[in-house]
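Participant: Below is a structure I'd like to ask you about.
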Ligand SMILES: Cc1cc2nc3c(=O)[nH]c(=O)nc-3n(C[C@H](O)[C@H](O)[C@H](O)COP(=O)(O)OP(=O)(O)OC[C@H]3O[C@@H](n4cnc5c(N)ncnc54)[C@H](O)[C@@H]3O)c2cc1C
C-alpha cells in the first residue's frame, strides 16, 4: 500500500472517505470490493484514535440486555462471529468469569436468564471452520472450583461465578490496517496524514473536498461524487468545518481509560460495580483494566489520562479485587479513548450518564435533510459492529451513485491475513519452515497468512524480538515497505505493538528509528525528534 497523493489529486472518485479508523476502513474495503472507486484520507495515522484506544473486545455487549437492546446485541453477536471469521489470527475466543458476592437468589436468577438469552442470541456462534474459534455456552462454577482457577476472586460472601465467552482482538489497529490493505488491493487510493477540510460544492451538490498534507502543509482538492464523514469523535466538528454551518448531529464524547498491569488472572473478569461494570482482561500475558465512562467536552485530540484518573480507577478496582496486586507501581501503560456516541437529543440525561447512552450507530444522508447533496456521515457505533455499519453505508452510497455494484461480500471474505483454515495448523506450518524461532507465534497473530511474504529473504537477526511484545525487525521492515508506516509512533504503536507494554527499551527504539531513517531518508535530528516525541505517550496529563 503506497501513499499516492498524485493519484488522489488527479482521479475522480465515487466516494471520498474522511477518517481511517474502523468505520472508514471497513467502508473503504466494502466499497472497493463492490467495485466503487474509493479514496480515503486519514488526518493522523490509521486506527490512531478510538479504534486503538478501546477495550479490544469483539463482543455482543451482554450489558446492553439490561437496557433491552436485544437487536443491538443480536447484531453485535453476529458481527463478532463475522470478525472471528474474517480475521481468525486477530480475533480469538476469551472466557469470562462473572463472580457473585452475597448477591442472593434473585440476582443470580436474573443473571442466569440474561446469559441464557445471550447464548440463544448467538445460536450460530460456532458456525466457523476452526474449532479453536468455537465458544461454549455459559455455566455456573461453584466457589471452590472458581477460586482454584482464579484465586484473585476471593472476597467476602463469594458464592461462585458464571462463566461465559466473548472474543478479543489481539490488535485492533491491525484489523483496521488489513481492511485498508484489502481496499488498496481492490483499487482504493488511501493516504494517512492527509486532513480533510472544506467540501467542494456546486449548486448544493458535493464534488469532493479540499485536503491538506499534514507533513508538507500543501493543500489540494480530491474530486468525488460523494463524501462520507467517518471521523469518529471528530465527526460533528468535521461536519461544521466542512460545510461552514452548525450541525444538528451532535456527538456526546465519553472518555474511557485503560490501564495495563502484570497479569492478575488467566480468565477475563466481569465485575458488577454499582450501576456499571468493569473488566480485568487478560491480554497478551498482561491484564488490561477497563474502563471508565465520563463525558468529555474538550478538543478530542487532547483526551489523555491524568494521575487522578489512574488513582481513582485503581481504587475502584481494589475495592472489588482486594487480593490483586493493583498498586500505582504496577501500572505498565495507560491510554484514553473517546467513544463517539450519538446524541438522542436529551442533553441533560446524557451528560450525567454517558454509560447508558446507546452504542448504536447512525447513518446520516445530509442531502435528504436539506444539507449538501452527496454528503453522508457514519456516527457512533462499536468496533464490533463496524462491518455491518459499513455494509449499510455502502448500500446507501451505491444507491446514491445509481451504480450497478457487486453485492456485499465482506461478511464472508477473509481479510488478507485471514486466508487460512485453522490457526494452529498455520502456526505449525510456520514452525516447520522457520524452526526454533520464538517470535513466530506473535508474528502469526500480527500478520496471519501474510507472514511468509513478510519473511521473504530475512536474516535470523531480523527475527529476534525487540521487546516483550515479541515483535521483530522483520515486521518493522515489512511495515515500512508495505504498510505505509511514516512515523516512529506508527511503527511502535500500530504496525507492531512494541510500545504498548510500556516505553520500549532505548536500544530497540534506536534500532527501529535507524531502520526508518534509512528507509525514509531522515536526518539525525529528525530521528532524534521522532524518538523524543514518543515520550508523551507515557506521561500522564496535568
Ligand atoms: C474506552 C472505549 C472502549 C471501547 N471498547 C470497545 C470494545 O471493547 N469493543 C467494541 O466493539 N467497541 C469498543 N469501543 C468503541 C470503538 O472503539 C469505536 O466505536 C470505534 O473504534 C470507532 O471507530 P471510528 O472509525 O468511528 O472512530 P476513530 O477510530 O476515532 O476514527 C476516526 C478517524 O477520523 C480521523 N479524522 C478526524 N477528522 C478528520 C479529518 N478532518 N480528515 C481526515 N481524518 C479525520 C481521526 O484522526 C480518526 O483516526 C470502545 C471505545 C472506547 C472509547
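Participant: May I ask you to order 502-515, 374-387 by the average number of other C-beta atoms within 10 Å around their residues, highest value first?
Facilitator: With the highest mean Cβ count within 10 Å placed first, the list reads 374-387, 502-515.
Participant: A further question on this structure: Assign one of three labels to the range 19-145, namely rounded, prolate or oblate, based on the Cα gyration tensor with a ≥ b ≥ c the square roots of its eigenvalues; rounded applies when a/c is under 1.5, prolate when it is not and a/b is larger than b/c, and oblate otherwise.
Facilitator: prolate
Participant: Let me ask something else. Could you list 478, 430 so that the one with the fewest beta carbons within 10 Å of its beta carbon is first and the one with the most is last? Mind dumping the intermediate values first?
Facilitator: Working: 478 25, 430 19.
With the fewest neighbours first, 478, 430 line up as 430, 478.
Participant: Give the shape of the range 360-482 as rounded, prolate or oblate, defined through the alpha-carbon gyration tensor: a ≥ b ≥ c are the square roots of its eigenvalues, a/c under 1.5 means rounded, and otherwise the shape is prolate if a/b is larger than b/c and oblate if not.
Facilitator: Verdict is prolate for the range 360-482.
Participant: Still on this structure, please answer the following. What order do you get for 78, 253, 3 when you list them from fewest to most C-beta neighbours inside 10 Å?
Facilitator: If I rank by nearby Cβ atoms, fewest first, I get 3, 78, 253.
Participant: Taking every alpha carbon pair in the range 440-542, what does the distance histogram look like in 10 angstrom bins from 0, in percent?
Facilitator: Pairs per bin, as whole percents: 15, 51, 28, 6, 0.
Participant: From the C-alpha gyration tensor of the range 458-499, pull out the three semi-axes of the equivalent ellipsoid (sqrt of 5λ each), sorted largest to smallest, in whole Å.
Facilitator: Ellipsoid half-lengths, sorted descending, are 16, 13, 6 Å.
Participant: Roughly how many whole Å is it from the C-alpha centroid of the range 151-212 to that of the range 97-140?
Facilitator: If you average the Cα positions of each part, the centres end up 27 Å apart.
Participant: Can you bin the range 40-99 into rounded, prolate or oblate? Criterion: square roots of the alpha carbon gyration tensor eigenvalues sorted a ≥ b ≥ c, rounded for a/c under 1.5, prolate for a/b above b/c, oblate for the rest.
Facilitator: Working: a/c = 1.84, a/b = 1.58, b/c = 1.17.
In terms of gyration-tensor shape, prolate.
Participant: Continuing with the same structure: Give the average over all directions of the projected area of the C-alpha convex hull of the chain, one decimal, in nm².
Facilitator: Taking a quarter of the hull surface, the average projection is 24.7 nm².
Participant: Sticking with this one: Give me 215, 334 ranked fewest to most by other Cβ atoms within 10 Å of their Cβ, as a rough exposure proxy.
Facilitator: Arranged by neighbour count, lowest to highest, 215, 334 become 215, 334.
Participant: To continue, here is another question. For the chain, give the share of DSSP beta bridges that are antiparallel, in percent and rounded to the nearest 5; count only bridges with both residues there. Provide the component values of the computation, followed by the final result.
Facilitator: Values: 61 of 83 bridges.
For the chain, the DSSP antiparallel bridge percentage is about 75.
We did not get these values from a lab; they are worked out from the coordinates using the rules stated. On a predicted model such as this, the values are computed, not experimentally measured, just so you know. All Cβ positions, even for glycine, are placed from backbone atoms using ideal geometry, and neighbour counts span all protein chains on display.
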